[in-house]
Amino acid sequence: MACEPQMDPGRAAGPLPTSSPGWNALPVGSPPGWGQELRNGQVLTVLRIDNTCAPISFDLGAAEEQLQTWGIQVPADQYRSLAEGALLEPQVRRYIIYNSRPMRLAFAVVFYVVVWANIYSTSQLFALGNHWVGVLLVTLAAMSLTLTLMLIFERHQRKANTNTDLRLTAANEALLRHRVLLGVTDTVEGCQSVIQLWFVYFDLENCVQFLSEYVREMKTSQESLLRSRLSQLCVVMETGVSPAPQAEGPENLLEDTPLLPSSPHPADADRPLMQTELHQLVPEAEPEEMAQQLLAVFGGYYIRLLVTCQLPQAMGTRHTDSPKVPCPCQLIEAYILGTGCCPFLAR
């Protein structure tokens, strides 16, 4: 569900503080009537799948039909493989389950019990006077440590996630021209983990224009800061390596009998050689290309914060109808390319 604060047209766009407002949740909109226009940040449709079943796939055909009712023609084959390949790999699905709120709560309970038991057993070595006073102190200490851990978990949830948000980069890059952004969230219904794929309308033409000018200005006056920021936008990727062929000749002839014994695990010899590479998400290019790439990279991140009401409160907005909901270019300017720290990217 998208979140939207009350309208306040008298304020202008400003910097983004780190506090989160108590916004009200709005349901997914229904198809517009005659003459009604779509608004930036409006949820078009949501696809839901059970993360505990296999095999699974998103019903992108139904999403395509739903988008057509809004007047948006997006063939599913343009992003089907990109979206499903990014989110439905087994390791990604396991990551989503292990990082869900119920798993964090379960871990917090186990952490509390272990910490309480350890502090209590340690306190028995010292004379604390009244027994109930000692138990109370132990309980307060364990609760404080557990609450600190839960706050760390909640803060971590607001950071860009390379396993979910950034994996939607290719799909969002294909959907930018259709004025649609994808985002992913997870929830729990009963005992089932559910993955939600959000389709949100956003015309990013004005955001691209603003970011293009901003990047061009940084290249002129703050090039070192720009390079420093872009150098942080990297992911580690594993690629296969094919061995170089041996040149034929008498000096390169190999002995028929190997000098070393064969591996005890023949299957290991069939595994391809892998090497890790540092891939830059936003390479150096023309300002407009870099602006489009920034919006594609952080589009899924922005949508997740939008639909979960975690966007930082703005004193005004540039390209949304709600003055307290920042647009993507504001988020990128303040937290990705800004002069301050990047709390949403820090690991």
Any chance you could run the full-extension gain for Met150 through Arg101? It's 0.36 nm times the residue separation minus the Cα-Cα distance, nm to one decimal. 16.6 nm
Considering amide H positions built from the backbone, and no H for Pro or chain starts, which residues 5 or more places from Thr317, or on another chain, come under 5 Å of its amide H? Ala13
Residue-ordered couplings for region 206-215, obtained by feeding phi - 60° into the Karplus form 6.51 cos²θ - 1.76 cosθ + 1.60 and rounding to whole Hz (Gly and Pro as x), are 5, 5, 4, 5, 5, 5, 4, 5, 5, 5
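Just so you know, all these numbers are worked out from the coordinates, no wet-lab data involved. Small disclaimer: the values here were computed from a predicted structure and weren't measured.
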